[in-house]
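Visitor: Mind looking over this structure? Questions follow.
The values are calculated or read from the model by the stated rules, or taken from the named source; none is laboratory data. Everything numeric in this text was worked out from a predicted model, so none of it was measured. With ideal geometry, Cβ positions are generated from the backbone for all residues, glycine too; neighbour counts draw on all protein chains shown. Quick note on the areas: whole protein, heavy atoms, side chains included, nothing else; ligands and nucleic acids left out. Shrake-Rupley method; radii C 1.70, N 1.55, O 1.52, S 1.80 Å.
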Amino acid sequence: MMILSNWKRLFASMNYFLKLIFFTKEYDVVFVSSVYFNRGHNGENALLKPMIESCKRNNLNFVIFEDADLKGEYKNFRRSNNSIPFDFISLLQVILRKFFNHIYKNSLSENKTYIGDPKTSNVLKKFFFRKFSSKVYITLLWNNITLWKSIDPDSCVVDYQHGVIYDGHLGYIKDGRPPKIKSVNDIVTLVYGQSFKDILLDNDKSIFYGENNVLKVGIKKEFNFKNLPQQSNRKILFSLQIVPELDVKLVNNYIDNINKLIAFNKDFLTENNYKIIFRHHPRYTTYNCPKINFEEDFIDFDNQTPILDLLDTVSIHMTFHSTSVFDAAMKGIPSIFIDMLGEMSPEEIFLNQYKYPCTDMVIKDYKDLEKILLDTDNKEIFINNCHDAYQWSQAFYNDFDEKIFEDFLSKKVNKYNLNN
């Protein structure tokens, strides 16, 4: 059934893009994403949802391109029925890149990914996008921005924040500079909150990032905040971070750390009626990731329940450095950080850059878990940690601001119309 569905998607993609050779398509906005981001209810793209709804309200003509998953790594994610599969173009890109790599002796190596792929983009433009245009392109993972700029040099290409931003992130800011592909193509960045914006502006020595091209539009929060937790219920959500691209040695060390942490604290956790719910990373798959198993009665795995619903059932979150820390904090749930694995240390990003406030909830040694959990039994300490975590999250994750987004779109659409 999966293979049949993939072929249907490929043929649907071919049908759309082959027609572009002969028929004109003009849009106000093009949304570009990957199936990997279909994590909302019923597999919808929760990040783009409020923007798409805004386009509908303002009668803007738009289309959604959903990028292919040619390796099959994200086959567990639903494909959107409201999007145009990008599979055909993605397949052509792979073929063209291999061809140009052979002709130009690896001039398009992976090290040049951040500079873009103009040769491939120009070929695709000439054959499939001559009659295609859009005023604004909104991407996640700055997907195919070289292609969009090749098609419409006067268009506005947008990168909407898809995870966390920190100083040292190759996709945003490293060594005082943004990725060259962003500066060359004059990309606009939309961020979740003021603190993420400040990281870009404060650390960019090239002065590319500024008030005109970094906008704080926020993010649609998929839950209604009620009240801060008032006491620990001794239930812990542990966000795992095993994904296909991680080095095998690192994964083995990661699993070994978790095994030893649980083994060292097994008696305490059992005697005090703690329950730990392990949740795998969204990209975790059983066929290409190492398995992690526990036989203890106080441990469960839950990869089916949405994480925000799981957080409603616990009072503590635990991780090495997962961005689920923000999900937890927005519900007033403090996180315990495990800082015993250098490659996955939370120190530089969460503690030094983000200034996570609950600094007493960091595990440096296996015995630290018991002390931290005993502290959470103190109602005053627990409530203070919940309050501090919630307040901290508000500087990073603002509610989606429809007015800022709609004003931005209106300005860019009108500017394009004047220039063309």
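Visitor: So what are the ³J(HN,Hα) numbers for the stretch 185-200, from phi and the Karplus equation (6.51, -1.76, 1.60; θ = phi - 60°), rounded to whole Hz, Gly and Pro as x?
Guide: Taking θ as phi minus 60°, the curve returns 9, 6, 7, 8, 10, 9, 10, 6, x, 4, 5, 5, 4, 4, 4, 5 Hz for the stretch 185-200.
Visitor: Taking all protein chains together and a probe of 1.4 Å, list 53, 348 from the most accessible to the least accessible.
Guide: 348, 53
Visitor: Let me ask you something else. Past the 19 Å Cα-Cα mark, which pairs from 25/403; 260/291; 119/205?
Guide: Cα-Cα > 19 Å for 25/403; 119/205; rest within.
Visitor: Report the trypsin sites (Lys or Arg not before Pro) located in the stretch 122-178 that are in a DSSP loop and have at most 15 other Cβ atoms inside 10 Å of their Cβ, or state none.
Guide: 130, 131
Visitor: Between residue 343 and residue 170, what's the calculated FRET efficiency when r is the beta-carbon distance and R0 is 22 Å? Round to 0.05. Intermediate results must be reported in sequence, preceding the final value.
Guide: Details: r = 16 Å, r/R0 = 0.71.
About 0.90, to the nearest 0.05.
Visitor: Helix 118-128 versus the longest principal axis of the chain: what is the Cα-based angle in degrees, 0 to 90, to the nearest 10?
Guide: In the chain, helix 118-128 runs at an angle near 60 degrees to the longest axis.
Visitor: Using mean Cβ contacts within 10 Å as the protection proxy, how do 91-101, 320-330 order, highest first?
Guide: Numbers: 91-101: 14.7, 320-330: 23.0.
Highest-to-lowest ranking by the protection proxy: 320-330, 91-101.
Visitor: How big is the charge dipole of the chain about its Cα centre, in debye rounded to the nearest 20, if each Lys and Arg gets +1 on its Cβ and each Asp and Glu gets -1 on its Cβ? If you can, show how the numbers build up before the last one.
Guide: Values: 52 positive and 52 negative charges, 469 e Å.
For the chain, the charge dipole is close to 2260 debye.
Visitor: In addition: List the residues whose amide H sits under 5 Å from the amide H of residue 238, counting only those 5 or more places along or on another chain, with H placed 1.01 Å from N in the peptide plane.
Guide: Amide H neighbours of residue 238, under 5 Å, 5+ apart: 277, 278, 279, 318.
Visitor: May I ask you to evaluate 6.51 cos²θ - 1.76 cosθ + 1.60, the Karplus curve with θ = phi - 60°, for each residue of the stretch 291-304 and list the ³J(HN,Hα) values in order in whole Hz, giving x for glycine and proline?
Guide: Result, rounded to whole Hz: 8, 10, 10, 9, 9, 5, 5, 8, 10, 10, 10, 9, 10, 9.
Visitor: Amide H of residue 177: which non-local residues (sequence gap of 5 or more, or other chain) have their own amide H closer than 5 Å, using H built in the peptide plane?
Guide: When sequence neighbours closer than 5 places are left aside, the close amide H contacts are 205.
Visitor: Quick check for you: with a 1.4 Å probe and neighbouring chains kept, what is the accessible area per residue of the chain, in Å²?
Guide: Solvent-accessible surface per residue comes out at 50 Å².
Visitor: Take residue 198, project a point 7 Å from its Cα along the Cβ direction, then tell me which residues of the stretch 358-401 have their backbone nitrogen under 11 Å from it.
Guide: 395-396
Visitor: What is the set of long-range amide H partners of residue 338 at a cut-off below 5 Å, with H atoms built 1.01 Å from backbone N?
Guide: Here the answer is 319, 320, 363, since their amide H atoms fall under 5 Å of that of residue 338.
Visitor: Specify the angular offset, from 0 to 90 degrees and rounded to the nearest 10, of the alpha carbon long axis of helix 379-394 from the longest principal axis of the alpha carbons in the chain.
Guide: 10
Visitor: Let me ask another. Give the residue from 398, 229, 273 lying farthest towards the positive end of the charge dipole for the chain; charges sit on Cβ (+1 for Lys and Arg, -1 for Asp and Glu) and the dipole is referred to the Cα centre.
Guide: 398
Visitor: To the nearest whole percent, what portion of all C-alpha pairs in the stretch 334-400 is separated by more than 17 angstrom?
Guide: Details: 1010 of 2211 pairs.
I get 46 percent for the Cα pairs in the stretch 334-400 exceeding 17 Å.
Visitor: Which value at 222 nm does the chain reach when only helices count, each DSSP H run of 4 or more adding -39,500 (n - 2.57), with the total divided by all residues and rounded to the nearest 500 deg cm²/dmol?
Guide: Values: 13 runs with 156 residues, N = 420.
Helix contribution divided over all residues of the chain: -11500 deg cm²/dmol.
Visitor: Still on this structure, please answer the following. Could you look at the chain and say what percent of its accessible area is carbon and sulfur, using a 1.4 Å probe and all protein chains?
Guide: Looking at the chain in its full context, I get 49 percent from C and S.
Visitor: Modelling each spin label as a point 7 Å along the Cα-to-Cβ direction, I'd like the residue 19/residue 292 distance in nm, to one decimal.
Guide: Reported label-point gap for residue 19 and residue 292 is 4.6 nm.
Visitor: Further question on the same structure: Among 168, 193, 218, which one moves the most in a GNM of the chain with springs linking Cα atoms closer than 10 Å?
Guide: Evaluated over the chain, the most mobile residue of the options is 168.
Visitor: Applying a 10 Å radius around every beta-carbon, put 184-191, 22-29 in order of their mean neighbour count, most first.
Guide: Values: 184-191: 19.2, 22-29: 13.9.
Averaged packing, sorted descending, gives the order 184-191, 22-29.
Visitor: Relative contact order for the chain: what is it in percent, counting Cα pairs under 8 Å that are at least 6 residues apart? Provide the component values of the computation, followed by the final result.
Guide: Numbers: 660 pairs, mean separation 62.4, N = 420.
In percent, rounded to a whole number, it is 15.
Visitor: Can I ask one more? With axes computed from alpha carbons, what is the tilt in degrees of helix 2-19 against the longest principal axis of the chain, rounded to the nearest 10 within 0 to 90?
Guide: 30
Visitor: While we're here: In bins 10 Å wide, starting from 0, what share of all Cα pairs of the chain does each bin hold, as a percent?
Guide: Going out from 0 Å in 10 Å bins, the chain shows 4, 20, 29, 26, 15, 6, 1, 0 percent.
Visitor: Please list 51, 14 from largest to smallest accessible area, probe radius 1.4 Å, with all protein chains kept in place. Before the final figure, lay out the partial values.
Guide: Working: 51 0, 14 55 Å².
Largest to smallest exposure gives the sequence 14, 51.
Visitor: OK, next. Can you list which of the trypsin sites (Lys or Arg not before Pro) found in the stretch 188-274 are DSSP loop residues with at most 13 other C-beta atoms within 10 Å? It would help to have the intermediate numbers written out before the result.
Guide: On the way: sites: 197, 205, 216, 220, 221, 226, 234, 235, 249, 260, 266; in loops: 205, 220, 221, 226, 234.
Here the trypsin sites (Lys or Arg not before Pro) that fit, given the DSSP loop and packing criteria, are 205, 226.
Visitor: If you plug each phi of the stretch 229-238 into the Karplus form 6.51 cos²θ - 1.76 cosθ + 1.60 with θ = phi - 60°, what whole-Hz ³J(HN,Hα) values come out, in order, with x for Gly and Pro?
Guide: Per-residue couplings from phi come out as x, 9, 7, 6, 9, 6, 10, 10, 9, 9 Hz.
Visitor: Return the loop-located chymotrypsin sites (Phe, Trp or Tyr not before Pro) in the stretch 175-222 (DSSP other than H, G, I, E, B) with at most 13 other Cβ atoms within 10 Å of their own Cβ; answer none if there are none.
Guide: Of the chymotrypsin sites (Phe, Trp or Tyr not before Pro), not one in the loops of the stretch 175-222 has a Cβ with at most 13 other Cβ atoms within 10 Å.
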